[in-house]
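Some notes on the structure that comes next.
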Amino acid sequence: MSKLYNLEVIENTQNESGDHFFCALCGFMLKTEDDHQSHSEHSCCQECYLTFAESRRKDWLAGWRPKKSEIRKYINGRKRLLINKTKSQELL
């Protein structure tokens with residue numbers, strides 16, 4: 001016997017404290033305290049901050065962001081690393 005559930009989609013689900021769970025730049029989940037700290041200060045996770053923002057602090061504060069094509073390459077690289085790490089752990 002199956003049950004039917006009614007799902008209600010709520011448009012604005014962000015709470016008022018401004019908590020975020022995903023990086024605004026790359027979309028990866030914020031996992032560590034450093035990720036959350038970096039996101040509150042720079043609007044990106046720690047990895048994105050180290051990759052894009054740290055070397056361009058003045059430009060970053062002035063509103064510079066990497067091109068979408070550069071972000072896509074970066075995301076694909078991170079995904080490949082995660083896949084390779086998962087495969088190597090499976091072999092152990």
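The values are calculated or read from the model by the stated rules, or taken from the named source; none is laboratory data. Because the structure is predicted, anything quoted here is derived from the model rather than measured. Here Cβ is always computed from backbone atoms with ideal geometry, including for glycine, and neighbour counts include all displayed protein chains.
A single member of Tyr74, Tyr49 is without any contact (Cβ under 8 Å) to a residue 12 or more places away in the chain and surrounded by 13 or more Cβ atoms within 10 Å (Cβ to Cβ), and it is Tyr49.
Within segment 23-51, the set of residues being at pLDDT below 95 and of a type in the set (Phe, Trp, Tyr) comprises Phe28 only.
Considering only segment 79-90, I want to know if a residue exists there that is part of a helix (DSSP H, G or I) and either under 13 Å from the mean Cα position of the chain (by Cα) or modelled with pLDDT of 95 or more (or both).
Checking segment 79-90: at least one residue is part of a helix (DSSP H, G or I) and either under 13 Å from the mean Cα position of the chain (by Cα) or modelled with pLDDT of 95 or more (or both).
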